[in-house]
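Reviewing the structure listed below.
Laboratory data are not the source of any read-out in this text; all were calculated from the coordinates shown. Treat the numbers as computed from the prediction; the structure is a model and nothing was measured. We place every Cβ from the backbone using ideal geometry, glycine too, and count neighbours over all the protein chains shown.
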Amino acid sequence: MLRILGKIQRLGIVTEIVPASSEAALVDIGEQLKARVGEQFAGSLAIRQVDAGSCNGCELEIHALNNPYYSIERYGVHFVASPRHADLLLVTGPVSRHMEEALRRTYEATPEPRLVIAVGECGANGGEFGVSYAACGAVANVIPVDAVIRGCPPTPLALMRGILEVIAKRSSDP
Amino acid sequence: MTAPDPLSGFLDRLSAAGLHVEAQQAPGLAPARLVIVPAADWGRLGREAKVAAWRWAAGWGEDGDDTIGVNACFEKAGTYFVARTLVPRATPVLASHSAAYPGADRPERHIRDLLGVTFSDHPDPRRWTRHHAWQQGEYPLRRDFPAAGQPPAQTPADYQYNFLLAQGSGVYEIPVGPVHAGIIEPGHFRFQAVGETVLKLEERLAYTHKGIEKIAEGRDAEGLARLAGRVSGDSTVAHAWAACMAMEKAACVDVPPRALWLRALMCERERVANHVGDVGAILNDIAFAFGFHQFARLREEWQRVSHEAFGHRLMMDCIVPGGVATDLESRCMAPMLEQADALRQQIGKLMLIINDLPSVADRLRDTGVLSPEYASALGCLGYVGRASGMDFDVRRDAPYPPYDGLTVKVPLNHFGDVNARVRIRIEEISASFDLIRALLAEPPGGPIRADWKEASAGSEGLGLVEGWRGEILSCVRFGAGGKIARFFPRDPSWTTWPAIELLIHGNIVPDFPVCNKSVNGSYSGQDL
Ligand code: SF4
């Protein structure tokens, strides 16, 4: 136990003031996210991630949101295990036909008002896989989508920006 | 003087047993050799190969004009051969290899679902890859099946799949998935349990079936490389390499040494990234948050350097037919080496802490044991196989450049529990650091990409690459105009998914996540 505490103390905090990168437009994305989540979701935005047929690349970057560098939970954004607890669905695709019904049911199980973000090129437009006997392509071909986050896969920062944009858009809608 | 070739002895033995096998020239398949087998002898070939201790590595089919070709790839001590037979398209019936090789069960059902070949004595009549996106009697990999298919307006959820049932008082069933509780790929698990103890687990996969083999058809070489890099996103480097290797052999394109060097650097980086992330996730599954956050931090740092060096955090689309897309700037080399050394130190220190905790040992030891017998019966690859006595690594046993000039340390363990799989991964990370160090010490100069040559119609190639999950086998055939006629990528997950059904037996239900993560099969890679 002492060694664990020692390690934690020596390492300090690696969590970044997002972002460490040079993208000036993103300098305070985290704080904005926190403010929006505070205003609109009483400080807590619950996300249910649904892999509707992805190659798993998008999931790796969604996972990264929880690592100590991005630590998205500090802004009140957290991932939940059930659509019934979710405000927002983060869906990766292409939607395989074998996942089509499961995605619909997940959507229906999410309480309203609900937001849906289609993640990745595949979620946005079918990506390399497109529409075929096996895939429905874009998430929007199966359930209503509020926003897309492009990229193959989108970086963790692009994901954070995309989540911020969709909740900002929601507040500006009547 | 080369070592005695196990294949010629085996072929003699088959002939002596009355099988009419014939070895043929197929340069694109090298190092594997092609052996043509009459359909009537297919079942016996499987039994004889089993007796002679060959590993059944992969099976795939290909539609022809009047016939359907069926292939099975075998390996023993680094020697490969591809057995091929033809069955009439009108009555495509063949004996199964599943009785001799349980690992052939799902691949044969996949061939049955997608090509309509009936394996007459196959023990399991149930569908595997097909749910309800296409009908029984329709075969997506037949040439006359359009890639668009004729799917129903809405594809229903899978139904009428007869899971095996356990009987008895107190037995209850837990259905899990396809949408799982975490951020993971979709699949269905059907547990039968008594109290906390798992009596039986059955997997139902193919939820992420995206028709990869079909939509590969008609692509050019670059298009296939992009698709191969998305068979399983966590193995994008290894799958793209294997597919490019297959295409390059078919098209007789020589890849420049610097490109091979860069491919190996990327592939080792991919191995480290995944093992580091997974060790953290395994610790997370036993609620050891400290370990999870430490390894997640290290993975992030590692991915950032990949981005800096190659322009993409996962190095997607960096491997292209004939070479690689971007060169490594020399300014990136020293930091890359420093990072590898620093990470080795950090992991060493973390493991000292982790190894010291009885509560970690308690959760990992004797949990999810895969016996060497089962691992061998299924032909388990990668760290899952190596934790259960399967001493095999393509980089060492059938080395492809640049590994033919490098020493690859291959760790081995026989305990087969979650703990052994974690140990193997930690040792593999360290072996990758050695390789990265050796590679960075001798960077070859020259071009990073050869000019692409259109492959002749009908030419075929086989790619074999040790990805982070184990041997990836990629088969390509070109049609007219340099367009792909057939693509089959065999992810190592085909060999480890069935192992989870066995190793979970007798464990408690709450240990399933850690058992599953220690194996970490790719859903997308097996569903195709
Ligand atoms: S967008 Fe890219 S990373 Fe995401 S699922 Fe599609 S192919 Fe994979």
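Computed from the C-beta positions of B:Thr197 and B:His414, the FRET efficiency with R₀ = 22 Å rounds to 0.30. Within a straight-line Cα-Cα reach of under 16 Å, B:Lys249 can be paired with the following lysines, leaving aside sequence neighbours fewer than 8 residues apart in one chain: B:Lys453, B:Lys483. Distance between the pseudo-spin-label points of B:Glu442 and B:Arg304 (7 Å out from Cα toward the beta carbon): 3.3 nm. Check every DSSP H run in chain A and write down those whose alpha carbon atoms cover 27 angstrom or more along the long axis and whose mean Kyte-Doolittle hydropathy is -0.5 or greater. Taking the DSSP H segments of chain A (at least 27 Å long, mean hydropathy at least -0.5), we get none. Classify the range B:46-201: rounded, prolate or oblate, from the alpha-carbon gyration tensor (a ≥ b ≥ c, eigenvalue square roots; a/c under 1.5 rounded; otherwise prolate if a/b is larger than b/c)? Verdict is oblate for the range B:46-201.
For chain B, averaging the sequence separation of C-alpha pairs within contact (under 8 Å, six or more residues apart) and dividing by the residue count gives a relative contact order of 17 percent.
Determine, from the Cβ-Cβ distance of B:Asp5 and B:Arg143 and an R0 of 41 Å, the FRET efficiency 1/(1 + (r/R0)^6), rounded to the nearest 0.05. The pair B:Asp5/B:Arg143 has a calculated efficiency of 0.65. Calculated from the alpha-carbon coordinates, the protein assembly as shown shows an Rg and a Dmax of 24.6, 83 Å respectively. Only the Cβ atoms of Lys and Arg (+1) and of Asp and Glu (-1) were treated as charged; on that basis the dipole of the range A:23-172 about its Cα centre amounts to roughly 260 debye. Judged by the ratio a/c of the largest to the smallest principal axis of the C-alpha gyration tensor, chain A counts as prolate, that ratio being 1.5 or greater while a/b is larger than b/c. Highest GNM mean-square fluctuation, chain A, Cα pairs closer than 10 Å: which of A:Ile149, A:Ile62, A:Ile13? With Cα springs under 10 Å in chain A, the top fluctuation among A:Ile149, A:Ile62, A:Ile13 is at A:Ile13. With the simple spin-label model, which puts each label point 7 Å out from Cα in the Cβ direction, the B:Cys252 to B:Ala166 separation comes to 5.9 nm.
At a Förster radius of 25 Å, what calculated FRET efficiency corresponds to the Cβ-Cβ distance of B:Ile174 and A:Ile8, to the nearest 0.05? Working from the Cβ atoms, E equals 0.10.
For chain B, the residue among B:Leu406, B:Trp494, B:Ala17 whose Cα projects farthest onto the positive side of the dipole built from Cβ charges is B:Trp494. When the charge dipole of chain A is built from unit charges on Cβ atoms (+1 for Lys and Arg, -1 for Asp and Glu) and taken about the Cα centre, the candidate among A:Pro144, A:Met99, A:Leu60 whose Cα reaches farthest toward its positive end is A:Leu60. When only Cα pairs below 8 angstrom with a gap of at least 6 residues are kept, the range B:379-476 shows a relative contact order of 30 percent.
Projecting the Cα positions of B:Val465, B:Ala455, B:Asn516 onto the charge dipole of the range B:411-528 (unit charges on Cβ atoms of Lys, Arg, Asp and Glu, taken about the Cα centre) puts B:Ala455 furthest along the positive direction. Taking the Cα centre of chain B as origin and assigning +1 to Lys and Arg Cβ atoms and -1 to Asp and Glu Cβ atoms, the resulting dipole is close to 160 debye. Per-residue ellipticity at 222 nm computed for chain A from its helices equals -11500 deg cm²/dmol, with DSSP H segments shorter than 4 residues left out and the rest contributing -39,500 (n - 2.57). For the pair B:Thr67 and B:Ala52 in one chain, pulling the backbone fully straight at 0.36 nm per residue adds 2.4 nm over the alpha carbon distance.
With a cut-off of 11 Å between beta carbons, the residues surrounding B:Gly458 carry a summed charge of +1, where Lys and Arg count +1 and Asp and Glu -1.
Estimated purely from DSSP H runs of n ≥ 4, each contributing -39500 (n - 2.57), the mean residue ellipticity at 222 nm for chain B is -12000 deg cm²/dmol once divided by its residues. For the protein assembly as shown, a simple Cβ point-charge model (Lys and Arg +1, Asp and Glu -1, everything else neutral) yields a dipole of about 380 debye relative to the Cα centre. When B:Arg486, A:Arg150 are arranged by Cβ crowding within 10 Å, least crowded first, meaning fewest neighbours, the order is A:Arg150, B:Arg486. Computed from label points 7 Å out along Cα-Cβ, the spacing between B:Ala334 and A:Glu31 is 3.6 nm.
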